[in-house]
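Scroll down for the structure; my scribbles are underneath it.
The values are calculated or read from the model by the stated rules, or taken from the named source; none is laboratory data. Remember, it's a predicted structure, so these values are computed and weren't measured experimentally. Neighbour counts are summed over all protein chains in view; Cβ atoms, including those assigned to glycine, are modelled from backbone coordinates with ideal geometry.
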């Protein structure tokens, strides 16, 4: 099988993906970061009554036409306890921010423009027009208004307005459900006691972090030893968990000990491809097992993380019914790089912004796909096209941004 170009691999994966149409009602406090599944209309107006916008006195504006004037105080209206009577000529009600405007009043005189003479009298020092400092009913939104729309991300502002609409729950799209399976006799979970020939399983945690940051839920299927029956059992668990995507780590090639692909094909997976022209990440596998998307990532930690950014993230976005944010931008090289071979290269690099605003991406000298420390220090990936010629520091380059903070940092 020929090595598949990166763009073609991505195209073939996404061609098989449609948005999840399952919705669920979740409590308002659990809806932050979710996407609204339906338009939401207000079931009450906000404010639900004409309300005072300031502390002061509710009056008839006509009574203030020739200041100063003295008005009789007939009551008080704190927030949550409106005045039940009616204001007549020459009368006022002490009122506080948010309280309903009493019947008969059509303006608020702020307390700075008044002088309290005694318990029953207030002097008004300024004329006020009708509607002064009154928030009319429905100023924010009216009953029946469509306030929030399907597809919107429920951030702090939208959660707040939903609460003001008196909605205890919201309809949201179900999150994509991702099952992650690590494979290999050489792997031991963090905190375990690795043997002389074993290593710590690390990349599953990074893949999980990427998936959850993009809104997916994740089930960890653990580490499967290099036995086809054990791997097939883990596949059955992913199906039982009703996963939308099964992500396998390692074992996707066709070597003697690479049993993942064989186990999946035996279970009925339709294999699309399993090798792509990129570095790191050549042994990437994709297929479908019924409605289950199967993404087989390389076992090397950095390879699996790079492939998660390039292929898992777009897959999750498409399942979520979202337009994927483009993480690419232009920069210049911070050091010389050599010519490239037939595979598209993704070089881990630091990123800084010059005083003139130019982004400078400096690839690290060592690029071995087993080196997680360098990936942890990387702000971006410098993309080198197949057969690209050598390039000098200062030459333009295309980058995939890993940390937005590095891009937005002030020069």
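What residue, of 362, 372, is at negative phi, assigned by TED's automatic domain parsing to the domain that holds residue 404 and buried (at least 19 other Cβ atoms within 10 Å of the Cβ)?
On the way: 372 fails: buried (at least 19 other Cβ atoms within 10 Å of the Cβ).
Being at negative phi, assigned by TED's automatic domain parsing to the domain that holds residue 404 and buried (at least 19 other Cβ atoms within 10 Å of the Cβ) holds for just one of 362, 372, which is 362.
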* Asked: Would you call residue 147 farther than 23 Å from residue 305 by Cα, assigned to a loop (DSSP other than H, G, I, E, B) and in contact with a helix residue (DSSP H, G or I) (Cβ under 8 Å, 6 or more places away or on another chain)?
  -> no
* Structure fact -> Only unsatisfied item for residue 334, checking (1) modelled with pLDDT of 95 or more; (2) surrounded by fewer than 16 Cβ atoms within 10 Å (Cβ to Cβ), is (2)
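Wholly within the range 1-110, which strands (runs of 3 or more DSSP E) include no fewer than the required count, namely at least 2 residues that are at pLDDT 95 or above and on the phi > 0 side of the Ramachandran plot? I'd like the intermediate steps shown before the answer.
Numbers: elements: 23-27, 56-59, 69-77, 91-95, 107-110.
In the range 1-110, no matching strands (runs of 3 or more DSSP E) lie anywhere.
The rows are residues; the columns are (1) in a loop (DSSP other than H, G, I, E, B); (2) crowded, with 22+ Cβ neighbours inside 10 Å; (3) in contact with a helix residue (DSSP H, G or I) (Cβ under 6 Å, 6 or more places away or on another chain).
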{"site": "196", "(1), (2), (3)": "yes, no, no"}
{"site": "209", "(1), (2), (3)": "no, no, no"}
{"site": "220", "(1), (2), (3)": "no, no, no"}
{"site": "223", "(1), (2), (3)": "no, no, no"}
{"site": "239", "(1), (2), (3)": "no, no, no"}
{"site": "242", "(1), (2), (3)": "yes, no, no"}
{"site": "246", "(1), (2), (3)": "no, yes, yes"}
{"site": "283", "(1), (2), (3)": "yes, yes, no"}
